[in-house]
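The values are calculated or read from the model by the stated rules, or taken from the named source; none is laboratory data. Values in this document were obtained by computation on a predicted structure and should not be read as measured data. Reconstructed Cβ throughout: ideal geometry from the backbone, glycine too, with neighbour counts over all protein chains shown. Note: accessible area is taken over every heavy atom of the protein model, side chains too, but ligands, DNA and RNA are not part of it. Shrake-Rupley method; radii C 1.70, N 1.55, O 1.52, S 1.80 Å.
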Amino acid sequence: MTANAPLLELRDAVPSFEESGLMPAPYNLRIMPGECAVIDCRDFERAAMFADLCSGMISLTQGSIKFMGLDWSTLRDRQLNALRGRIGRISRSSSWLNLFGTHLNIMLPHLYHTTDPFDRVVLSATELGHRFGFPGLPTSTPDRLSGADLARAACVRAFVGRPDLLVLEDISDTLPEENILPFLEMMTAARDRGCGVLWFVRSAAAWHEYRKAVNIHMRLLDEGLFPMRVV
Amino acid sequence: MTDTPPLAPDHTAPQTNPFSGPQPDDAGRFVHLLRRFAPWLAAIGRLTRHQIRFTLLVIGAGWGTIRESLRPNSWRRPVIYEFRASLRQVVSGGFLSIVVTATLTGLMVVSQAAYWLGFAGMAQMTGSILVSVLVREISPILVGIILMGRSGMLSLTEIGMMVLGGEVRALQARGIDPFLALVMPRTFAFTLGGFTLGMIFAVVSLLMGFVIAHSTGAITTSVWTFFFNVLAAMTTWDYLIIPLKFVLVGFFVGLGSCISGLTVSSNDTMATIMPRGFARGIMLVLVVNVLFMLDF
């Protein structure tokens, strides 16, 4: 990735309708390192599909999507997976494996993509857990955790491992109020080291406190992605 | 004056529809026959394609599993963790069933073989009969069926539900390859588990058979002589073929379960996934055994 190159760039990207259900219209978006783009979208599933599109999981009929200067469509499986490992993601649903404890679910991407010592991964995940109000890392399986604890665990998992891009689906309805400030602090800290943020929100209330720090504001509708005025 | 344009002279000529009904000429008869049998042919074709698809999937995935396992960076920490967890499940989950089944099988086969061979004055053949019937033929099939029932169905259901629930897609979104994270470690856990359980089965069935036959007087030799006779009856090939059968049965049961789970469609439910997976698993167990029977 060259200096001053966009971190994530959608250039007239037209997603396959059969695969995604997204409107086959050209989508354009450009996020530079350290920038925060807020995407207003009332439909959770559409937001998740757009997040998948940005992660190179949906084939395109036209245009291109580049992450860290690399076009998703030109990469092979191993490269795709390695690049996706640079993305920290909060998903609203279906993202927890009940085969493992929540602590392993949190550390799984980091353990899979890096060779960092296990103790160091545990330490950094535990520190993040403390920030989000956990006494340590939850070891029970995800299906035994409350919605609030799962939302906190999702935050820990997204921020652990210093990702280059954060793709955050809206969990403001389940994240406890006392965790909103740590969430915004962690997001700001990540941006300070060059991480881009793609933040999906359902309502203005979810990002109201962070409004001044947002660089791009767009709305994802049935018809496509439309820029909004940033206040 | 009307808006309807006049028809061209060739449009007014009477039209014949080849699909409208039986025709007196050969072409018409052929079309009629085709119409009658087309749905049947389509159904047979669909079924054949479906069956070949799974066979090709198993061959491709089997090759992929072996190739990926040879790359050092395929064995990442979550993959190793999954391998250990699966191996623990396969061996500990199947252990009791294997011991009970082996005891019952040994009771039936060893005692009956010893009794009837002794009755026929062919007691010296007891070892070779037991090796060829019990250890080489029956054990791999029973071990495969137990592996399938105790652990294969579990893997199939887990992975199938993960696909339907979107968890596998969530793994992919985080850059975790489900083939590396789920299929490869589980397949090798089944392979190792198949060998382990197979060896336990062989030893327990022979031992329990000896105990029963000895207690009823059908066998009068010591346990060491009995096992010596069994080992002496084994050829060099048997030392290779018997473990290989256990290994391959485990490999294909594991692979078949994982692949069946990973390829479920959105229309599938538990009611369709489980019978299909079980039938495929049994088929794979029998195919492995039949192939060995043909060649050796």
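Which one, A:G129, A:G147, A:G34, has the greatest fluctuation when you compute a Gaussian network model over chain A with C-alpha springs under 10 angstrom?
Highest fluctuation of the listed residues: A:G147.
Can you report the principal axis dimensions of the protein assembly as shown using only the alpha carbons, biggest first, rounded to whole angstrom?
Each principal axis gives a Cα extent; for the protein assembly as shown these are 100, 88, 40 Å.
Looking only at chain A, where both bridge partners belong to it, what percent of the DSSP beta bridges are antiparallel (to the nearest 5)?
50 percent
Can you give the mean number of other chain Cβ atoms that lie within 10 Å of the Cβ atoms in peptide A:111-118?
Across A:111-118, the average partner-chain Cβ count within 10 Å equals 4.
Could you tell me the calculated FRET efficiency between A:H208 and B:L56, based on Cβ-Cβ distance and R0 = 56 angstrom, to the nearest 0.05? Spell out each step's value before the answer.
Values: r = 55 Å, r/R0 = 0.98.
Efficiency, from the Cβ-Cβ distance: 0.55.
Can you tell me the 0 to 90 degree angle between the C-alpha axis of helix A:102-113 and the longest principal axis of chain A, rounded to 10?
The two axes meet at around 60 degrees.
Considering Cα pairs under 8 angstrom that are at least six residues apart, work out the relative contact order of chain A and quote it in whole percent.
Relative contact order of chain A: 28 percent.
Among the helices of chain B (complete DSSP H runs), which have Cα atoms covering no less than 27 Å along the helix axis and a Kyte-Doolittle mean of at least 1.0?
Helices passing the filter in chain B: B:184-216, B:236-262, B:270-295.
Could you order A:T102, A:T74 by accessible surface area, starting with the largest, using a probe radius of 1.4 Å?
A:T74, A:T102
Which whole number gives the average, over all residues in B:161-170, of C-beta atoms from other chains lying within 10 Å of the residue C-beta? Intermediate values should be presented prior to the final figure.
Values: counts 1, 4, 0, 1, 5, 5, 7, 2, 6, 9.
Neighbouring Cβ atoms belonging to other protein chains average 4 per residue here.
Check each of the trypsin sites (Lys or Arg not before Pro) in region A:168-231 and keep only those in coil by DSSP with at most 11 other C-beta atoms within 10 angstrom; list them in order.
When the trypsin sites (Lys or Arg not before Pro) of region A:168-231 are filtered for loop state and at most 11 Cβ neighbours within 10 Å, A:R193, A:R229 remain.
If you fit an axis through the alpha-carbon atoms of helix A:118-131 and take the longest principal axis of the Cα set of chain A, what angle between them do you get, 0 to 90°, nearest 10?
Orientation of helix A:118-131: about 80 degrees from the principal axis.
Rounded to the nearest 100 Å², what is the buried accessible area between B and A, both sides summed, probe 1.4 Å?
Approximately 2400 Å² gets buried when B meets A.
So in the protein assembly as shown, what percent of DSSP beta bridges are antiparallel if you round to the nearest 5? It would help to have the intermediate numbers written out before the result.
On the way: 17 of 34 bridges.
Taking every DSSP beta bridge with both residues in the protein assembly as shown, the antiparallel ones total about 50 percent.
Compute the separation of the alpha-carbon centres of region A:182-221 and region B:34-100 and state it in Å as a whole number.
The distance from the Cα centre of region A:182-221 to that of region B:34-100 comes to 43 Å.
Once both axes come from the Cα atoms, what is the angle between helix A:147-159 and the longest principal axis of chain A, in degrees from 0 to 90, rounded to 10?
70 degrees
I'd like the distance separating the alpha-carbon centroids of region B:274-296 and region A:1-78, in whole Å.
First find each Cα centre; the distance between them is then 45 Å.
Summarise the partner chain shielding of B:173-185 as one whole number: the mean count of Cβ atoms from other chains within 10 Å of each residue's Cβ.
Average neighbour count from other chains, rounded to a whole number: 5.
Explain nothing, just the number: relative contact order of region B:73-295, from Cα pairs under 8 Å at least 6 residues apart, as a whole percent. Please list the in-between numbers first.
Working: 289 pairs, mean separation 80.8, N = 223.
It comes to 36 percent, rounded to a whole number.
At 1.4 Å probe size, with every protein chain present, just tell me what the per residue accessible area of chain B comes to in Å². The partial results should precede the final answer.
Working: 16040 Å² over 296 residues.
Accessible area per residue, chain B: 54 Å².
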